[in-house]
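See below for the structure under consideration.
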Number of protein chains: 2
Amino acid sequence: MLIVKKFGGTSVGNKERIFNVARRCIEDYKKGHDVVVVLSAMGKSTDELIYKAKDINPNPSKREMDMLLTTGEQVSVSLMALAMGALGVPCISLNAFQVAMHTTHRYGNARLKRIDNDRIRNELEQRKIVIVTGFQGVDKYDNLTTLGRGGSDTTAVALAAALHADACEIYTDVDGVYTADPRLVKGARKLDVITYDEMLELSTLGAGVLHNRSVELAKKYGVQLVVRSSLNENEGTIIKEDTGMEKMLVSGVAVDKNATRIAVIGLKDEPGVAFRLFDALAKYNINVDMILQSVGRDGTKDISFTVEEDVADDAAAVLEKHFPKSQYKEIKMKREVAKLSIVGAGMQTNPGVAASMFEALYNVGVNISMISTSEIRVTVLIDEKYVDVAMNAVHDKFSLAD
Amino acid sequence: MLIVKKFGGTSVGNKERIFNVARRCIEDYKKGHDVVVVLSAMGKSTDELIYKAKDINPNPSKREMDMLLTTGEQVSVSLMALAMGALGVPCISLNAFQVAMHTTHRYGNARLKRIDNDRIRNELEQRKIVIVTGFQGVDKYDNLTTLGRGGSDTTAVALAAALHADACEIYTDVDGVYTADPRLVKGARKLDVITYDEMLELSTLGAGVLHNRSVELAKKYGVQLVVRSSLNENEGTIIKEDTGMEKMLVSGVAVDKNATRIAVIGLKDEPGVAFRLFDALAKYNINVDMILQSVGRDGTKDISFTVEEDVADDAAAVLEKHFPKSQYKEIKMKREVAKLSIVGAGMQTNPGVAASMFEALYNVGVNISMISTSEIRVTVLIDEKYVDVAMNAVHDKFSLAD
């Protein structure tokens, strides 16, 4: 078997953890498997580099930031190689240009274009464990790039696809994917299996564990993923194609508190008003999530939408700049809101799931202010203070603890 | 003009120093020059990386050490680019593979083979300051290498040669090359000019400032060097070809306390004894410096030689292993010795220089235990406790303070 194993920054945060990861990889190696390890930068080292950079230049060039940050993973992989060497196992560390990981040249948020696998294959044939820097790439002019959020997961999945790996294991600090955040819902249960689409919805909802970009890539190339803990030997959660067999009605409940609701009240009810509003926001790169339009009185309407908390002020400023005061009555902002979602591939064929969710919330007195849905997801916007009671109610309603 | 400027680790040790270097480079840039900057790793960062590595693996793979250490210069060049960016000047940082700096694959001590200059030329044509990682290279299989001691100086000189630079400035923490160590000799004077050969002798004698490897390379390619301080605007010392004009009888006095004298007393006076002795040491990679053979009594002889202090015990052990006790009387070791040297291109055509040196030492009562000479150098081994008085006496004798 060829196994790609990815470990995050906390998993290689100090000497003991580095040896812990080394031993896990060597276990598989000694069973006769080919092992490719993808690593992030150690612990807080990326943050420290960013701090140094911003101290020198608060508005740093993205190219030079990537040049700086890519040293972080290179330190991780070389130290890991030294640890495996100390344990007597042949291994080699490779950075993005040695692999080579070709990307677009969009610094700080590059996309992988192509991975050469000759070098890795060659090293594996010599029975070495190959340790690869996650998160980074090289553009066609040999500039170093980074892949942005979830970058190391993406590197691992892309390598697994390029090498036709038999397994791609994403090691993290949790045991796998849960039906809900165990810190918030007592009966939260680890899922054994989840489909790509369900995982995508959960990732997009900020349920952590995996970035949706890596899940998308895994889905595209049919790379079966396992999410498991680097701290114990538990089995983890398998993420794979929807086989139509084990479709759960609802496989998980997720909550995202990083939302602010903005309501533009009393807009003139003319054609093109909504277009102009969202076009203005888009031009300033402000991502809008849920949208609700309601008809008001006297030929006016209200438009409400949610954005991430840290761009809420920018969004309001954009609106005030592009809409004359005369065209609306007021802008209201509410920060103490949260998005609560249920995700399940089984929803597609089972009507009434949304209704059950609303019923559960009604029973515990939680008011719903906005609703948005996809084929396998229902999201509602609620008051942040009700998150706990709402999550538990919904979790119980769908018997997710069973 | 195209100017290559090299700054060592202390010159970029913190934010203030980074900006100081940035400003010096920008000064030349604003005069219309093309500027290429070569940097070492910041301050103690290389030592810190080595410490981390040895903590994980006391006997680390040299390949992985190079992979680890090359991150140091990459951090320097990217932070420098951010500083120049903050000062509003277009610039770009390049590491060894981006340049590309082709080397042999001898990790930890690689030799430069070839430098591509397309990328640098291209960036200079766009009127950018180009900031290059010193000390590092890439072998033909894309592995990262380091150049060993004096590596960043070597990078600077090699770049100056490859780019046909008009000047190559080596910035350090001293004002230039002195007639003697100013901490030891009060009248020590900074030299305005020195020849490659004189500098080579001084470097080999451990007079610091420049590693002889970079001087050799400069001599080979006719790259005129300037050694000057990164802390002030003083003119520094020019190192260039011997033009036959300004040959000084003696241009400098150097001292090297890192020496131990080993004497093998009462060796059988047979053919091949000296060969066997030094061959044994060579096989264990023990470098021998000065050698003295004297005829003893009763068909025996004594062989004395000096080695660097930290290999003295190894040298004695090698001798004891390879020479049966019956073949010599005893091995004596003396650590409190120092090599005192005078260097001057003018010696070649002026007999009597060595005699003047010996006279000066005789006048202050310093005994000479070994002598070695080259065409432009005389070195004597003396007791370490006489170093100060001996240096000053010789310095005075040749009127170097004038």
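The values are calculated or read from the model by the stated rules, or taken from the named source; none is laboratory data. Note that this is a predicted model, so its numbers are computed, not measured. So basically every Cβ, Gly included, is an ideal-geometry build from the backbone, and we count neighbours across all protein chains shown.
Before moving on, here are some points about what is shown:
- Test: residue in region B:11-19 that is closer than 27 Å to A:V132 by Cβ and within 9 Å of chain A (Cβ to nearest Cβ): no
- Condition met for B:G32 (on the phi > 0 side of the Ramachandran plot, modelled with pLDDT under 95 and not aliphatic (A, V, I, L, M)): no
- Only one of the listed residues (B:A317, B:A360) is among the aliphatic types (A, V, I, L, M), over 27 Å from the mean Cα position of the chain (by Cα), not assigned by TED's automatic domain parsing to the domain that holds B:V273 and not in a loop (DSSP other than H, G, I, E, B). That residue is B:A360.
- Counting the residues of region B:92-127 that are more than 30 Å from the chain's Cα centre (by Cα) and within 14 Å of chain A (Cβ to nearest Cβ) gives 3.
- Flag if B:E73 is more than 7 Å from chain A (Cβ to nearest Cβ), under 25 Å from A:N59 (Cα atoms) and charged (D, E, K, R): yes
- Residue ranges of helices (runs of 4 or more DSSP H) in region A:61-176 with at least 3 members surrounded by fewer than 21 Cβ atoms within 10 Å (Cβ to Cβ), in contact with a His (Cβ under 7 Å, 6 or more places away or on another chain) and among the acidic types (D, E): none
- Any hit, region A:287-309, residues being outside any loop (DSSP other than H, G, I, E, B), modelled with pLDDT of 90 or more, among the β-branched types (V, I, T) and buried (at least 16 other Cβ atoms within 10 Å of the Cβ): yes
- Restricting region B:20-49 to residues that are within 11 Å of chain A (Cβ to nearest Cβ) and buried (at least 16 other Cβ atoms within 10 Å of the Cβ), the residue that is nearest to the chain's Cα centre (by Cα): B:A41
- Residue that is farthest from A:L82 (Cα to Cα), among those in region B:60-70 that are within 8 Å of chain A (Cβ to nearest Cβ) and under 23 Å from the mean Cα position of the chain (by Cα): B:T70
- Within region A:371-378, the presence of at least one residue that is within 20 Å of A:R261 (Cα to Cα) and among the hydrophobic types (A, V, I, L, M, F, W, C) is confirmed.
- For region A:317-335, the criterion of being of a type in the set (V, I, T) and surrounded by fewer than 17 Cβ atoms within 10 Å (Cβ to Cβ) is met by at least one residue.
- Scanning region A:1-19 for residues being part of a loop (DSSP other than H, G, I, E, B) and more than 27 Å from the chain's Cα centre (by Cα) gives a total of 1.
- Condition met for B:T237 (among the hydroxyl-bearing types (S, T, Y), within 26 Å of B:P324 (Cα to Cα), within 23 Å of the chain's Cα centre (by Cα) and at pLDDT 85 or above): no
- Which numbered condition B:A259 fails, given (1) in contact (Cβ under 8 Å) with a residue 40 or more places away in the chain; (2) among the small types (G, A, S); (3) not in a strand (DSSP E or B): (3)
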